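Worksheet: the structure to be examined is printed underneath.
The values are calculated or read from the model by the stated rules, or taken from the named source; none is laboratory data. Keep in mind the model is a prediction, meaning the values are calculated, not measured. For neighbour counting, all protein chains shown are included, and Cβ atoms are generated from backbone atoms with ideal geometry for every residue, glycine included. With ligands, DNA and RNA removed, areas are computed over all heavy atoms of the protein, side chains included. Shrake-Rupley method; radii C 1.70, N 1.55, O 1.52, S 1.80 Å.
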Amino acid sequence: MLEIFSIGHSDLEIGRFIELLRLWEISAIADVRSSPFSRRSPWFSQDELRAELALNSIKYVFLGRELGGRPASDDLFEAGTANYERMSKTLGFLSGIDRVVGGAREYKIALMCSERDPLHCHRCLLVGRALKDCGHKICHILHDGRIETQSDAEDRMLKEDKLDVQDLLASEEDRLEEAYRRRNQRYAYSRAGMEVKKWRS
């Protein structure tokens, strides 16, 4: 079992971001954003981030094509929303998972995306889930420096969605599957959402 981390940069200052990486001795960042740029926090755009990480002896690799949350194929959407279950079975995704696992044997890796809360982000709901299913321990770095494991995040998800109560008709596995399905619908990339953003801008 490998220990693999994740972090969402959100509105962090770059100094605090590096501080969190040092706290957990992260030696490599795997950027799983489909689009590795940030208008609000330009220091998290790919070139700027890579340079800052290099100054701190932290490796950077872009895996947004393999593990990003915005699929290119129409077949990976359902009613305009990215379908994580379908995405998790593609050859590109599985190749990305293999690259993370291979890298984690040499480096202490953190998957990086933009969302603060792992339960609002595909790095947990898609990538972290797949890695946990492969038998690895996933640790999400929170902005206060604490760690939330994938298992802890799943427990929180069940409680938030009121699926934590034992049900004679639904096993815990079934309830967890339903919780992931709901999160997929709520937080996955939506083409409709992008159209609204374009219209508003």
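For region 36-68: of the residues being among the small types (Gly, Ala, Ser) and in a helix (DSSP H, G or I), which is least open to solvent (accessible area, probe 1.4 Å)? Here the answer is 64. Only residues that are without any contact (Cβ under 8 Å) to a residue 24 or more places away in the chain and in contact with a helix residue (DSSP H, G or I) (Cβ under 9 Å, 6 or more places away or on another chain) were counted across region 24-45, and they come to 2. Name the single residue, out of those in region 1-35 being charged (D, E, K, R) and outside any helix (DSSP H, G or I), that is surrounded by the fewest Cβ atoms within 10 Å (Cβ to Cβ). In this case the residue turns out to be 25. Listed by first and then second residue, the pairs linking a residue in region 49-74 that is farther than 14 Å from residue 26 by Cβ to a residue that is basic (Lys, Arg), with Cβ atoms under 6 Å apart and 6 or more places separating them unless they lie on different chains, are 64/33.
Inside region 142-177, residues that are in contact with a strand residue (DSSP E or B) (Cβ under 7 Å, 6 or more places away or on another chain) and small (Gly, Ala, Ser) make up a count of 1. What residue, among those in region 144-173 that are modelled with pLDDT under 95 and assigned to a helix (DSSP H, G or I), is most open to solvent (accessible area, probe 1.4 Å)? Here the residue is 173. Counting only residues that are among the small types (Gly, Ala, Ser), outside any loop (DSSP other than H, G, I, E, B) and closer than 23 Å to residue 73 by Cβ, region 174-193 holds 3 of them.
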